[in-house]
Amino acid sequence: MKSTITQATAIPAGASLNSDTTVTHTMLGWNHIHWGLSLFFTGFVTGYVPLLHYVKGAVAGDVGPLFLKNMTLWWGCPGVLAEMTLKSGGVGMIAIGLCYLAVARQSGSATISRMEQIAPKLCAYGLVAELVTAAVGYVVCNIFWPNFYFEPVQAGKNVWLSVQIVSITIFVVGLYYAYSGIKRASRQHA
């Protein structure tokens, strides 16, 4: 059996949804994998923030009862949500990319919706926005509510987490569009 290997290319940077560029499942797959690997690596690097935070706390030595009372699943570091979101989102994007490559291998004739075409960017921008809102939002919220994270300042936590939830929602919308496209394409092959 002869196997044909084709060169997969990413969606061109200047291509818009209305351009003549035909987007294939292979292109979508590689875009998801590219972004997913990059964001997983970024999450891995972001994982050193909690480690450095713990080292700083260990050197300071005084965690105090107020901090211990407020320490929940966050393990006392504001970088944990961003780290876990980037890592899990990156792995999810890689899985979606592999699904698209499987669909392309079976038959690339399934239609690709406009929303499905923007799914890789929605997912990637949502994860990048989550990292930015976690970091910048932390600094900004500290201006209005000093030490909001480590003291029970609920208003500061609510604002900071709400902005991050919006970013994660953008990722989930992109994930939904990609999932819908894969599901539709897999039904055409069944």
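Values computed for the structure shown
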{"read-out": "Sites Val132 and Gln106, calculated FRET efficiency, Cβ-Cβ separation with R0 41 Å, nearest 0.05", "value": "0.60"}
{"read-out": "Nitroxide proxy distance, nm - points 7 Å out along Cα→Cβ at Val139 and Tyr48", "value": "1.9 nm"}
{"read-out": "Cα centroid of the stretch 72-151 to Cα centroid of the stretch 158-190, whole Å", "value": "10 Å"}
{"read-out": "Förster radius 41 Å - calculated FRET efficiency between Gln154 and Arg114 (Cβ-Cβ, nearest 0.05)", "value": "0.50"}
{"read-out": "Virtual spin-label span in nm between Ser38 and Ser180, 7 Å along Cα→Cβ", "value": "2.5 nm"}
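Every number here is computed from the coordinates shown, using simple stated rules; none is lab data. The structure presented is a predicted model; accordingly, all values stated were derived computationally and were not measured. Backbone-built Cβ (ideal geometry, glycine too); neighbour counts: all protein chains shown.
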